[in-house]
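Here is the structure we will look at.
Bear in mind that the values in this text are calculations on the coordinates, not laboratory data. In this text the structure is predicted, and so the values were computed from the model without any measurement. Don't worry about glycine lacking a Cβ; one is built from the backbone with ideal geometry, like all the others, and counts go over all protein chains shown.
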Amino acid sequence: MQKPPPTHPPLPSRLLRPLPFLPFLLLRLGRLILARPPPVLLNVVSSCCCVACSSPPWLPSPLFVSRCRSLTLDGPFLAPTLVARVVRKLSFRCQSSKLLLGAGCVAGKKAPLSSGGGNVRGAVSASKAVTEKPNSGSKSDKADLLVTKDEGLELYEDMVLGRSFEDMCAQMYYRGKMFGFVHLYNGQEAVSTGFIKLLKQTDFVTSTYRDHVHALSKGVPARQVMAELFGKSTGCCRGQGGSMHMFSAEHGLLGGFAFIGEGIPVAVGAAFTSKYKREVLKEEGDMPVSIAFFGDGTANNGQFFECLNMAQLWKLPVIFVVENNLWAIGMSHYRSTSDPEIWKKGPAFGMASAHVDGMDVLKVREVAKEAVERARRGDGPTLIECETYRFRGHSLADPDELRAPAEKAHYAARDPIVALKKYLLDNEIATEAELKSIEKKIDEVVEDAVEFADASPLPGRSQLLENVFADPKGFGIGPDGRYRCEDPGFTAGTAQV
Amino acid sequence: MAMAAAAPTVPICHGRRASPCSSKQVSVSVSVAMRAWASKSSSLSSSSSKSPRLVAAHATAVATKEAASTTSSSQGGHELLMFEALREGLSEEMERDPKVCVIGEDVGDYGGSYKVTKGFSEKFGSWRVLDTPIAENSFTGMAIGSAMTGLRPVVEGMNMGFLLLAYNQIANNCGMLHYTSGGQFTIPIVIRGPGGVGRQLGAEHSQRLESYFQSVPGLQMVACSTPYNAKGLMKAAIRCENPVILYEHVLLYNLKEKIPDEEYVCCLEEAEMVRPGTEITILTYSRMRYHVTQAAKTLVDRGYDPEIIDIRSLKPFDMYTIGESVRKTHRVLIVEECMRTGGIGASLRSAIMESFWDELDGPIGCLSSQDVPTPYSGPLEELTVVQPHQIVTAVENLCGKK
């Protein structure tokens, strides 16, 4: 009797199975031979679809491997668990955390805050990292938690402070307590909290006109920020800066800039100082890190590209954080940008970059941790695109008519504060009562800030000329031979300068 | 991150006002100026020719100081070209303070497009003399950020005209941040570079940026014109806590002069007396100083007695030196290389009229460049810039023919 034929699958499909991995394997082989890590960008088109989110693939799904020369943690060889993530680039608005860092970068291990999670199928990942557990609300082990209780409460408090403060700003604006352009940060708190809460006081932050919450996260007291908004002399900039120019030397907040892109070179400059102090002045200790926050519109500006180049060229300890909220006032990101994927612009300069769900503070925090550590080690800059959304209009004067209600609803459902609260409660990191007490405390802080600002005096006339020059001899010599700043009227603000 | 201003340990040369100043420095300054007046406009010789009338004038002009030796040759000193003087000043400041660094295109390995930073890369290292990519807006912003966090950068614009690309950062950040931050951050930056009309460099390389930047609040602007004041102003600008723009001129880099061996710093806010006189005050700066001194030779031959002042400080104006001169002569002629519209001369004219209206016997004359993009062709280029014969004619018109 003849034996039955062997029951293995038909030859062709078995041979085809390793095909998607072939370029990757060839690359590994090539690197073994060459023994040095060239920066490589691989595109392998795959046909699988994203199952993590319900929207159809926005682009043909490519696989990207972005390996950056500057990442030298593991030397020329990539450890299996830390291999460059081969992540499916599926839909542009995919809810999963997509990290495209080279060797040495830790991807987000879990994505517990995103709802509707599924597995990212089809792509090869040598590690288990970029997978989402279905969020069934079940408790995770303590060891798997992303934050300790203290950290969780700190993050929660910071985000609630940001939200409450901005809501109060809106109220105060409509009551006529502040004027001009006021840009609120509602909805984007996860980005500010996720990054800035990892920084020290000696680290630097530059921001845009949407800077209230960056100031609060960096440690500037709410009183000083509110007083500044009211234009009072007790404000952090003595009432001279206003909503769009928050500065604090004590807390390392380098501004607050009204023109987009202006703050990015300033952050690069602060990073240059950090590196200079180490290289030239031989100062010891942790290298201060700078973070530049800016929006999607700024990513089309020349200063952005120039700074990416210089920062990577000199390996400066700066982190470029793009708060991509899809809208630059009324200009949709897709209408103004030839390639809307901003994170891709980093590898063009040889820079490590990442795309992260900016509505999820824990994911942001994980990516931020890696980026900050890289910068502090001296491994250079990182570009991080945070997918986020502003719940309010561009400014308080913006009628916000162009954004679709469906889009707003989609992101309102992903409120970062609600998500963090759910995570903390579901994982029994904090109780409802503790969170309520935090909210109550923040309410009091914000009320107190308003009262303080209301009660503070407006700047006097004498303040007009005081800070124009650091050295007031810059006003020059008057007809009488004395410096104009020596004029008795100078301190009264009445001197002719 | 305000840095405490270093107390000056060297005499700051004050020309006219009652301030502590060694008379030696003053005499050097004036005698240098007299030599400049005595020689041709294109170069300075180191001869110590001077007329007796000028020596007497010198003794009266510097009223607060005792008349001392009027030549520098008796004190030693060394001769160098203006770009070498700038280099010397910059080098001394970089040795004195390790936080001073130079940022710009081709400043390191190339030594600077006009060789002002030649040799610096080997001496100070490439972090202190940073060769940047061609990104003026961003590297100026980077210099501002580093100034806010403790360094004292000197930004070199390869040509001043390129700084138009950095206008955003200079106007918005450099000038404003000290104020908008409520005094929390100082920006002790120096922005320097060659500008002005050269020899057929074309319109874009022949720009005068002093008119564009003069309105920016929070900036100081100075223009150097001799090796002596180039070095002194460079050092003063680096030590100053305010952002300073130092304007150099492409055609003056090869001026030769003897400068003192000992350390000195010029005052940023003061003007310089070039030639004392009694009949008319001629206010000028940078390259036009030499056209004026050349014209003054003709004028003296024809019997005029012009007082020539190099205003040096374009923002703020030294209204004391100018005022003292106007009180003496009652006639003013401004000679500048800036454009007619909105130039330094226009501002200076209105400032003088505002302060010294009663002292004036007639309208203030102002000779500026034509409002024309500087043409390439030689004869046309000459026509756009004020020439000595035009200065002579203007003085004759203001003072009356002799």
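Residue order for A:218, B:123, fewest other beta carbons within 10 angstrom first, comes to B:123, A:218.
Counting every other Cβ atom within 10 Å of each residue's Cβ, A:462, A:243, B:146 order from fewest to most as A:462, A:243, B:146.
Taking other Cβ atoms within 10 Å as a rough exposure proxy, A:251, B:205, A:410 sort from fewest to most as A:410, B:205, A:251.
Here the Kirkwood formula, the inverse mean of 1/r across different C-alpha pairs, assigns the stretch A:296-350 a hydrodynamic radius of 11.9 Å. Per-residue shielding of B:92-98, expressed as the average number of other chain Cβ atoms within 10 Å of the residue Cβ, stands at 1. For the stretch B:346-362 versus the stretch B:215-240, the spacing of their alpha-carbon centroids is 25 Å. For residue B:101, the amide hydrogen comes within under 5 Å of the amide hydrogens of B:152, B:154, counting only partners 5 or more places away or on other chains and with H modelled in the peptide plane. Largest first, the three principal axis extents of the alpha carbons in the stretch B:272-399 are 42, 33, 24 Å in whole numbers. Taken residue by residue and averaged, Cβ atoms of other chains lying within 10 Å of the Cβ of B:317-328 number 3.
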